[in-house]
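Asks: There's a structure below that I have some questions on.
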Amino acid sequence: MSNNLTQKEYTPEELKAAFIKLYGGDESAVRLYSSPARINIIGEHIDYNGGKVFPASINRYLYIAIRKRSDTKILYNDIRFPGSYEFDVNQTFVYDKANDYANYLNGILQQLKERGCAFDCGFEILMASNIPAGGGISSSSALECGFAYAVIDTFGFKLDRVEIAKLGQMSEHNFMNVKCGIMDQFIIATGKKNYAGLLDCNTLEYEYVPLELGDYRFVVMNTNKVRKLADSKYNERRGQCEEALALLQKGGVKIAALCELSPADWNNYSSLVSDPILNKRARHCIAENQRVIDAASVLKAGDLSKLGQLLNASHKSLKEDYEVTGIELDTLAETAQKQEGCLGARMTGAGFGGCAIALVHKDKLDAFIENVQTAYEAAIGYKAGFFVCETGDGVAKLN
Ligand code: GLA
């Protein structure tokens with residue numbers, strides 16, 4: 001089976017050996033944790049609009065090795081990224097561009113401190129991620145939530161998985177200036193192998209839905225166009241949704257979030273949002289929310305063809321109404337949709353680059369990847385990355 005992964009995959013055992021090589025000392029005190037990537041099956045750009053989303057944690061992991069120290073130092077190292085970062089548990093943590101990935105971690109520590117978690121000593125960590133950075137399957141949320149879980153478990157703080165998701169989201173808001181929703185952190189903190197999570201982002205109520213795909217598999221297709229959410233139009237889209245909501249409220253519609261409207265309600269009220277751009281943004285959100293509800297019910301009924309059609313409709317809406325796809329994602333998704341054995345395909349995550357997913361028959365995977373790769377390279381000028389994913393557990397302790 002072609003996989004097209006170029007980077008080496010690290011195992012937890014290799015990480016532990018590298019940890020001892022780097023820091024020396026007692027191996028038995030090293031604790032190992034894993035944190036998964038995620039795909040979002042459907043429900044895009046509506047977690048911050050009170051919508052329902054349908055993501056799944058997948059079997060691509062970031063591994064974290066951590067050990068307490070006898071002093072108050074904090075040391076961060078990562079196998080893939082150069083540089084070593086040193087802090088002190090007693091300091092106040094603030095964003096500093098020079099700290100690069102350490103900002104995600106310090107954002108978590110600052111949140112923990114603000115919640116009254118007291119550190120009696122420092123710690124050292126080494127990380128290895130098998131999740132492509134900036135690739136749209138949530139490498140940054142895996143980092144935030146995996147780190148939060150490792151620290152909370154090591155120090156015995158009493159915070160549950162939903163709180164871990166909130167810590168991750170707040171770190172992203174406060175330190176990275178990305179006003180993300182809760183979806184990524186939520187599924188990474190609470191995900192379960194063999195299930196997708198149907199999450200109501202208004203109430204944070206969630207349900208595990210068995211991801212029974214029969215002869216079909218989700219293929220993750222990476223545009224290899226790296227983007228950072230902070231540099232993208234993510235916050236702009238969020239702002240446009242807030243403007244559309246304010247217009248509806250001003251017109252007398254009693255809602256607190258766009259996704260409280262059904263598609264039928266939208267037909268009645270859409271004229272209140274007269275700006276054509278804002279109108280399209282709101283239309284996407286309301287239609288996408290309905291597609292999530294439909295997707296969960298067709299999956300429960302085992303109707304994968306219908307699920308595929310919903311994926312295609314979601315991509316079209318993200319392309320035309322929400323305008324977050326771009327040539328790379330459109331080429332991948334639209335080429336995928338035409339392949340034999342593919343029931344549907346769409347971008348996943350924030351868009352503007354990153355990854356798309358396709359639901360493909362297991363006997364057609366090789367031909368599918370080859371054909372989409374050929375078309376992508378011809379149109380874009382460089383190769384895409386592909387891998388067939390399975391579900392995986394949310395953040396976990398490994399030893
Ligand atoms: C990013 C954000 C999520 C969500 C998606 C789009 O992944 O982190 O909160 O908004 O984009 O659905």
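Asks: Provide a single number: the residues in segment 348-399 that are at pLDDT below 95, closer than 30 Å to Glu27 by Cα and surrounded by 15 or more Cβ atoms within 10 Å (Cβ to Cβ).
Replies: Final tally of qualifying residues: 0.
Asks: Within segment 268-288, is there a residue that is surrounded by fewer than 14 Cβ atoms within 10 Å (Cβ to Cβ) and within 16 Å of Gly51 (Cα to Cα)?
Replies: Checked segment 268-288: no residue is surrounded by fewer than 14 Cβ atoms within 10 Å (Cβ to Cβ) and within 16 Å of Gly51 (Cα to Cα).
Residue-by-condition table, conditions (1) within 25 Å of the chain's Cα centre (by Cα); (2) within 27 Å of Arg38 (Cα to Cα):
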| residue | (1), (2) |
| --- | --- |
| Cys259 | yes, yes |
| Asn267 | no, no |
| Val273 | no, no |
| Asp303 | no, yes |
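Asks: Follow-up question, since we're still on this one. Would you check which residues across segment 340-357 are assigned to a loop (DSSP other than H, G, I, E, B), at negative phi and either without any contact (Cβ under 8 Å) to a residue 12 or more places away in the chain or within 16 Å of the ligand (Cβ to nearest atom) (or both) and list them?
Replies: Ala350 - this is the single residue of segment 340-357 that is assigned to a loop (DSSP other than H, G, I, E, B), at negative phi and either without any contact (Cβ under 8 Å) to a residue 12 or more places away in the chain or within 16 Å of the ligand (Cβ to nearest atom) (or both).
Asks: Turning to a different aspect of this structure: Looking at Asp71, Asp100, Asp78, which is the one that is over 25 Å from Leu398 (Cα atoms), acidic (Asp, Glu) and under 24 Å from the mean Cα position of the chain (by Cα)?
Replies: Only one candidate qualifies: Asp100.
Asks: If a residue has to be out of contact with any Lys or Arg (no Cβ under 8 Å at 6 or more places or on another chain) and surrounded by 22 or more Cβ atoms within 10 Å (Cβ to Cβ) to count, how many in segment 59-81 make the cut?
Replies: Selection size over segment 59-81: 7.
Asks: Determine which member of the set Ile188, Ile152 is within 30 Å of Thr72 (Cα to Cα), buried (at least 23 other Cβ atoms within 10 Å of the Cβ) and at pLDDT 95 or above.
Replies: Criteria check complete, one pass: Ile188.
Asks: Tell me which of these Val360 doesn't satisfy, since it passes every other one: (1) over 20 Å from the mean Cα position of the chain (by Cα); (2) assigned to a helix (DSSP H, G or I); (3) β-branched (Val, Ile, Thr).
Replies: (2)
Asks: In addition: Take the residues in segment 26-56 that are more than 22 Å from Arg161 (Cα to Cα) and charged (D, E, K, R), then tell me which one is farthest from the ligand (Cβ to nearest atom).
Replies: Asp26
Asks: Confirm whether Glu288 is within 16 Å of the ligand (Cβ to nearest atom), free of Cβ contacts under 8 Å to residues at least 12 places away in the same chain and either closer than 29 Å to Tyr208 by Cα or not in a loop (DSSP other than H, G, I, E, B) (or both).
Replies: no
Asks: Which condition number does Ser271 fail, the rest of (1) more than 30 Å from Tyr101 (Cβ to Cβ); (2) in a loop (DSSP other than H, G, I, E, B) being met?
Replies: Result: Ser271 fails condition (2) only.
Asks: Follow-up. Working only within segment 116-147, note down all residues that are among the small types (Gly, Ala, Ser) and touching a strand residue (DSSP E or B) at 6+ places or on another chain (Cβ under 9 Å).
Replies: Within segment 116-147, Gly122, Ala128, Ser129, Gly135, Gly136, Ser138, Ser139, Ser141, Ala142, Gly146 meet the criteria.
Asks: Does any residue of segment 256-263 turn out to be in contact with a Ser or Thr (Cβ under 8 Å, 6 or more places away or on another chain) and either closer than 28 Å to Leu329 by Cα or touching a residue at least 40 places away in the same chain (Cβ under 8 Å) (or both)?
Replies: No, every residue in segment 256-263 fails to be in contact with a Ser or Thr (Cβ under 8 Å, 6 or more places away or on another chain) and either closer than 28 Å to Leu329 by Cα or touching a residue at least 40 places away in the same chain (Cβ under 8 Å) (or both).
Asks: As an exercise: evaluate Leu311 against (1) in contact with a Gly (Cβ under 6 Å, 6 or more places away or on another chain); (2) over 20 Å from Leu343 (Cβ atoms) and give the number of the one condition it does not meet.
Replies: (2)
Asks: Further question on the same structure: Look at Lys300 and say whether it is charged (D, E, K, R) and farther than 30 Å from Glu144 by Cβ.
Replies: So Lys300 passes the test.
The values are calculated or read from the model by the stated rules, or taken from the named source; none is laboratory data. Being a predicted model, the structure only gives us computed values, none of them experimental. No Cβ is skipped: glycine too gets one built from the backbone with ideal geometry, and neighbour counts run over all protein chains shown.
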